[in-house]
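The values are calculated or read from the model by the stated rules, or taken from the named source; none is laboratory data. Model, not experiment: these values are computed from the prediction. Virtual Cβ from ideal backbone geometry, glycine too; neighbours counted across all protein chains shown. In case anyone asks, the SASA skips ligands and DNA or RNA and just uses the protein heavy atoms, side chains included. Shrake-Rupley method; radii C 1.70, N 1.55, O 1.52, S 1.80 Å.
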Amino acid sequence: MRTMPIGAFGSARHRRSLRATDGTFLSQESGSLTIFSLFLFVILLMISGMAVDMIRQEHARVAMQNTLDTAVLAASGVSQGMTPEQVVSDYVTKAGFDATMVQITTTQNMTGQTVTSRSVVATSPVRTDTMFMDMMGVSSLTSYTDTAAEERNQKIEIALVLDISGSMNWDSADSNVTKIQALKSAAKEFIETIFDANDPANVAISIIPYNHQVFVPDSIMSRLAVNGSTATVATVAPYPGALTSYAQVNADAPCLVFGATDFQTRALTASGTVDRSASFLADQFYWARNGVVQKAYQTPYEWAKWCNNTYPKILPYSNDEAALKTYIDGLEASGATAIIVGMNWGVAMLDPNFKPIVDDMVNAGELDSEMAIFPGGYGNADVQKFVVLMTDGANTQQYDLENQFKSGPTRIWYSADAASNGGSNFHGYFVEMPNNASSQRWYKPGSPYNTGDDQFVGSSALPSDAAQLDYHEVYRRFGIQSMAKFFFKNSGDTAAYNEHLDPLVQAGFGTADANTAEVCSRAKQNNEITVYTVAFEAPAAGQSVLSNCATAPGYYFDVDGTQIGDAFSAIANQIALLRLTE
């Protein structure tokens, strides 16, 4: 009997079974791949749809972002007439978006009624309905856009406080030019640099020339609250032509006098009212101009008076480059030095308390309408304030008449008839001598150069045309020492002579320096006014005052000769740099 190997027989059956089994297995694997492929297709389709929806959403977001960027840039413009909200809404609506969804925040600064800077921030959601993601339950996509823009229209205010004292006529260290000539060139170059770097509409420059005083134009003086008016004489003298009233201030005097408290504020005065200076010839000093010398007993020349209408007056608030240069060309030098008075005026004209005066001048057509925004308020980031203080000297003594000699009736009468009969104006005066006997009630001086024609006359000798003079009129006719000598020296009234010989109130050098330091300190308070100083061949005392006054060491310049031009140029460039970096 034949037998087969069990292993061989088993292997054959097994192979058939495996083939059958393999065939069945291969058929099942093909079905699984089809399902998996369909699954992948759906996933890819969904991913592609999500990408399409997201691309559509991003396209809308970018379009809205571009629209808002453009709209906010336009809305931040300080010169456009619409509100920022109106501008943004108009742009967004025209781009096809819903303007009601935009949130706008506006911040702006004002100088007067003018917008000087505006910051606009806009935020908006962007919503897109989905096409494919809706199948996954996401019906819309939302993202946010935001943008901001700012425009600054920065203003600068400059007070140029320039020394025009007599020593400015001296030759400078550069013998080719006098100091006043060097100053004029430097100041004009300064003006050019300022206007090269700034829109004139954003600039206000005031020039304050000073010697022993600052001379004030009527446009400013008439708008100040001046102390004093017309006063009534309490006891009227019992003679023809006696005064019954008098002016307490001299309308001829274009200057102010300041008290100690006035230097403790950046406003013009501490009280809001001002004291007008007297107008007088301090003939204890030598006065000459253009070869003409003021002589004793001579009617005072206007230019020789302590406060007069000859020297250059303040040029207020200008952005006219040509006018500023012309004004500088017209500066002339004479007199003593009052750094303190010049600085006090310079700071005052930057102080917001001066604004009502500027507004009134603009309304009256005395200033350009562009000056209506000046002076700006402190703390306004869109306004920068600068003082440029220059001197070639040091503070000298400051004078005014004592109150008893500043106004009111005098003991002096004048008769034109007596002057005509006597042969000169000197023969027209009668001085009351109340302590004399009635037979010698009037002292009648003759020539001031001798006593040969002096006489005393009785109480009834006063001519009918005689009129009592007040102190304003007496000092229009005589210097203070000439007046004392002519009317009282030979009258026998020694007390009257002595008190009229020195009728001045004076502030000494140390007082002036201390007051200057106080004004400078107030100016620099909170960094609201930047102070530059230029000591131009000044003595040590002047250098010390100006060095301490400057905002910082780098803001003080000690120069000789034509170096003053370099100093003013450097200051103008620093001002431009500070403006750009704010």
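Rg and Dmax of region 262-366, both derived from C-alpha coordinates alone, stand at 16.8, 46 Å.
Within the assembled protein chains, the solvent-accessible surface assigned to M433 is about 10 Å², based on a 1.4 Å probe.
At 1.306 mPa s and 10 °C, plugging the Kirkwood radius over alpha-carbon pairs of the chain into Stokes-Einstein gives what diffusion coefficient in µm²/s?
52 µm²/s
Here the accessible area of the chain is 52 percent carbon and sulfur, with a 1.4 angstrom probe and all protein chains present. 3J(HN,Hα) along region 311-319: 5, x, 9, 3, 9, x, 6, 10, 10 Hz, from the Karplus curve 6.51 cos²θ - 1.76 cosθ + 1.60 with θ = phi - 60°, whole Hz, x for Gly and Pro. Computed with every protein chain present, the accessible area of V559 is close to 10 Å² [probe 1.4 Å]. Of all aspartates and glutamates in the structure, those lying under 17 Å Cα to Cα from K295, and not within fewer than 8 positions of it along the same chain, are D283.
Under 5 Å between amide hydrogens, built in the peptide plane, is the criterion, and for K385 it picks out E157, T530 among residues at least 5 positions away or on other chains.
Per residue, the average separation of C-alpha pairs within less than 8 Å and at least 6 apart gives the chain a relative contact order of 16 percent. The candidates V226, V216, arranged from most to least accessible area with a 1.4 Å probe in the full protein assembly, appear as V226, V216.
Sorting I47, I158 by accessible area puts them as I47, I158; the probe is 1.4 Å, largest comes first, and only protein heavy atoms count. For the listed residue pairs K179/K305; K179/K313; K155/K305; K313/K489; K325/K406, the alpha carbons are over 30 angstrom apart in K155/K305; K313/K489; K325/K406. In this structure, T105 and D196 have a Cβ-Cβ separation that, at R0 = 41 Å, corresponds to a calculated FRET efficiency of about 0.70. Near the amide H of L256, within less than 5 Å, lie the amide hydrogens of V214, S277, all on another chain or at least 5 residues away, with H placed in the peptide plane. Applying the Karplus relation 6.51 cos²θ - 1.76 cosθ + 1.60 with θ = phi - 60° to region 258-264 yields 3J(HN,Hα) values of 10, x, 4, 5, 5, 8, 9 Hz, where x marks Gly and Pro.
Mean residue ellipticity at 222 nm, helices only, the chain: -11500 deg cm²/dmol; runs of at least 4 DSSP H residues each add -39,500 (n - 2.57), and the sum is divided by the number of residues. Under a 5 Å amide H cut-off, with hydrogens placed 1.01 Å from N, D174 pairs with G561, T562 among residues at least 5 apart or on other chains.
Of the peptides 170-181, 346-357, the ranking by mean beta-carbon count within 10 Å, highest at the top, reads 346-357, 170-181. Remark: region 228-235, residue by residue, has Karplus-estimated 3J(HN,Hα) of x, 8, 8, 10, 8, 5, 5, 10 Hz, where x stands for each Gly or Pro and the curve is 6.51 cos²θ - 1.76 cosθ + 1.60 at θ = phi - 60°.
Solvent exposure of E58, expressed as accessible area, is near 80 Å², computed with a probe of 1.4 Å over the protein chains only. Ordered from largest to smallest accessible area (heavy atoms of protein chains, 1.4 Å probe), the residues M135, M54 come out as M135, M54. Within the chain, helices built from complete DSSP H runs that reach 20 Å or longer along their own axis (Cα positions) and carry a mean Kyte-Doolittle hydropathy of -1.0 or higher are 6-75, 179-197, 509-524, 563-581.
Shape class for region 433-481, computed from the alpha carbon gyration tensor (a ≥ b ≥ c): oblate, with a/c not under 1.5 and a/b at or below b/c. What shape does region 414-455 take by its C-alpha gyration tensor, where a ≥ b ≥ c are the square roots of the eigenvalues and a/c under 1.5 counts as rounded, a/b above b/c as prolate, and the rest as oblate? Cα axes put region 414-455 in the oblate bin.
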